[in-house]
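Right, one structure below, let's go through it.
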Amino acid sequence: METLGFLIDGFGVALAPHNLMFALMGAFLGTLIGALPGLGPANGVAILIPLAFTLGLAPETALIMLTAVYAGAMYGGRISSILLNIPGDEPAMMTCLDGYPMAQQGKASEALAISAVASFIGSLVATIGLILLAPLLADFALTFGPAEYFALFLLAFATLGGITGKNPMKTVVAAAIGLMISTVGIDSTGVQRYTFGTMELYEGIDFIIAIVGLFAISELLFFIEEKAGGGKEKMAVNKLSLTWRDIRNILPSSFRGGVLGFIAGVLPGAGASLGSFIGYTLEKKVVGNKGYFGKGDPRGVAGPEAGNNGASSGALVPMLTLGVPGSGTTAVLLALLISLNITPGPLMFTQNADIVWGVIAALLIGNFLLLVLNIPLVGIFVKLLSVPPMYLLPIVTMIAFVGIYSISNTVFDLYFMVAFGVAGYIFRKLEIPLVPIILGLLLGPEMEKNLRHAMDISDGDWTILWNSGLAIGLWVFAGLGLILPYIVGPILRRRMRVATGAGSSGSD
Amino acid sequence: MTFNDRIFGVLMLVLAVAYGWGASQFPEPFGGAESIGPETFPYLLAVVLGLSSLYMMVRPDPDNAWPWSRTGLELVVAVVVLLLYAGLLQPLGFIVSTALAVGTLCWRMGAAPLKAYATGLVSGVVVFLLFSFALDLSLPLGVLSFLEVS
């Protein structure tokens, strides 16, 4: 019952008028970010971080706003899946299968409303799961020593690519690059490392500059290359005629999808894409021949959409309790926590209880806000879809410039950001994932600190790193995370491709 | 073709060796050496990056095409615009440099020139006003500093 008390306190924080206002603003901005072409959730949250600083927000307010942005972006992503058959991000892929056929049949607004309800249920289920699971996991994590943490960080890197990842070795390369960048600056013993005598590098490289550069600037360059400057054709949205029966029909699918998605989100290496994929496949199995999946079955929209949103809330569990994010967007949220001087991990639940529970409560409130926002305002978001990227992306780039400039008012940071953008473009061309680089930047200092502590305890004996059962378990899972993609990955990827291929041919 | 991964692998191997060598040059920390010095963690990273870059050279993935010719040039133009934007932000001021940078980018991405620069100017003015008055944050005025109201 302790949890309940904390949660009520959390609601007290989240319902404070200014926090509520920022949550509403975040939810709106987030949906916008999710709906706009070429602005993924991680990218959008990254650009907003420096702005949250310039506003001088209190830590809990900043975190509440950006959590709402995060939740909102997941809602927004489905709009382009349904109306244009273009998934905003990978997890939204499965929503296209039945969402786009529904839109073609003139039921676009029903599909949007159903997906909003399903997203809401998925997030709600997963947030309740988060409330129940997070304190338990945090208590458990208190038993971790430095050696276990070191192994846990390795596990995080190893599973980041996910089981469906293509080439795990490239994840390793990316992680190493990120960790290397994190060693630049003056270390804890006062030694300068890789600063080349440049004053600006003494404090290390600000990861927010790196994140905004890698995501936002490289996105601009990609759009220029693809010449995707023009807008997408407008999709007519009919008048909504949704009955309670329709909603009742999709409820079981949404609950199943939410639970599955939550599990996929919590587990390292599964991720939201797998969550929505399993959500969809299970729906097909459960409903069986009575359904008309691939041809606009509402349950085919509800299942994966709930799974997708469930996974994104589930992904917050390892981020909050262990300080180890499992996805790009949660990595960006971790960046925010670190720059607010809050150390994520089990201690956060005791030391910053008001912030943690405020955020969790904000997630619940944010979901209600999003549901309320989404059904009447969907017309506005649909209009935004037709904003051509050729106007949008330069403006987004400009906002990134303003945000980075406002952190320290130096031009040096801007050059750095552009350099990271060019590097990010090259990495993406080489199919080197960007998220491990960012995770390396974020976790590098903690990882080195834990290594030092472990070695101090053991007096220089390296075997301490795999001396406890827990540590060995983590090492084994990390190993599996790198090896399994070679074995299971091709099979799973083929299945996902078959499912999406069948769906799009069925819609023709 | 599998040149990309091989070349990148070679570059990363060079980086790993240089990084590892750099770590061996660190001065001993004040107070004497400990079991873990400032160079230990970098050594580990250099080994990991070295091994994984060797793997990339041995088992490269198929290449993605690079945009040579016109599109490549457009990319170079975009990067130059961004660098100039960063460099001119303070001397020219936020509004003028934004109008030029955003305008040029919009134009190069396919908008009509007049509309492009109008977008740049309007967005620059709006963001400037928003930051100066609503958020109380000063962006440089540059050549427009005669407009300053104090």
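The values are calculated or read from the model by the stated rules, or taken from the named source; none is laboratory data. Nothing here was measured: the structure is a model prediction, and the numbers come from that model. FYI the Cβ positions are ideal-geometry reconstructions off the backbone, even for glycines, and counts take in every protein chain you see.
Points worth noting:
- Top-ranked residue in the range B:104-114 [being within 8 Å of chain A (Cβ to nearest Cβ) and assigned to a helix (DSSP H, G or I); ranked as farthest from B:S145 (Cα to Cα)]: B:R108
A quick yes/no check of all residues on (1) among the polar types (S, T, N, Q); (2) assigned to a helix (DSSP H, G or I):
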residue	(1), (2)
A:F6	no, yes
A:V13	no, yes
A:G30	no, yes
A:N43	yes, yes
A:G56	no, no
A:E60	no, yes
A:L63	no, yes
A:A68	no, yes
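- Candidates are the residues of the range A:463-487 that are under 16 Å from A:N450 (Cβ atoms) and within 24 Å of the chain's Cα centre (by Cα); the one that is surrounded by the fewest Cβ atoms within 10 Å (Cβ to Cβ) is A:A478.
- Selection within the range A:110-140 - closer than 18 Å to A:G323 by Cα and charged (D, E, K, R): A:D139
- Residue within the range A:448-470 that is small (G, A, S), at the interface with another protein chain (Cβ under 10 Å from one of its Cβ atoms) and either in a helix (DSSP H, G or I) or in contact with a Pro (Cβ under 9 Å, 6 or more places away or on another chain) (or both) present: yes
- Meets criteria (out of contact with any Leu (no Cβ under 8 Å at 6 or more places or on another chain), assigned by TED's automatic domain parsing to the domain that holds B:L129 and not in a loop (DSSP other than H, G, I, E, B)) for B:P42: no
- Hits in the range B:76-87 - residues which are more than 8 Å from chain A (Cβ to nearest Cβ) and surrounded by 17 or more Cβ atoms within 10 Å (Cβ to Cβ): B:V81
- Flag for A:E148 being closer than 30 Å to B:E28 by Cα, in a loop (DSSP other than H, G, I, E, B), modelled with pLDDT of 75 or more and among the acidic types (D, E): no
- Every listed requirement among (1) assigned to a helix (DSSP H, G or I); (2) within 10 Å of chain A (Cβ to nearest Cβ); (3) at pLDDT below 90 is met by B:L73 save one, (2).
- Condition check for A:I209: under 20 Å from the mean Cα position of the chain (by Cα) and either facing another protein chain (nearest Cβ under 9 Å) or touching a residue at least 24 places away in the same chain (Cβ under 8 Å) (or both): yes
- Of everything listed in (1) farther than 23 Å from B:F41 by Cβ; (2) within 7 Å of chain B (Cβ to nearest Cβ); (3) touching a Phe, Trp or Tyr at 6+ places or on another chain (Cβ under 7 Å), the single unmet condition for A:Y425 is (2).
- B:Y117 facing chain A (nearest Cβ under 9 Å) and in a helix (DSSP H, G or I): no
- Within the range A:172-200, residues that are more than 9 Å from every other protein chain (Cβ to nearest Cβ) reach partners that are surrounded by fewer than 16 Cβ atoms within 10 Å (Cβ to Cβ) and not in a helix (DSSP H, G or I) with beta carbons closer than 6 Å, at six or more positions or on different chains, in the pairs A:G185/A:E203; A:I186/A:Y202; A:T195/A:Y202.
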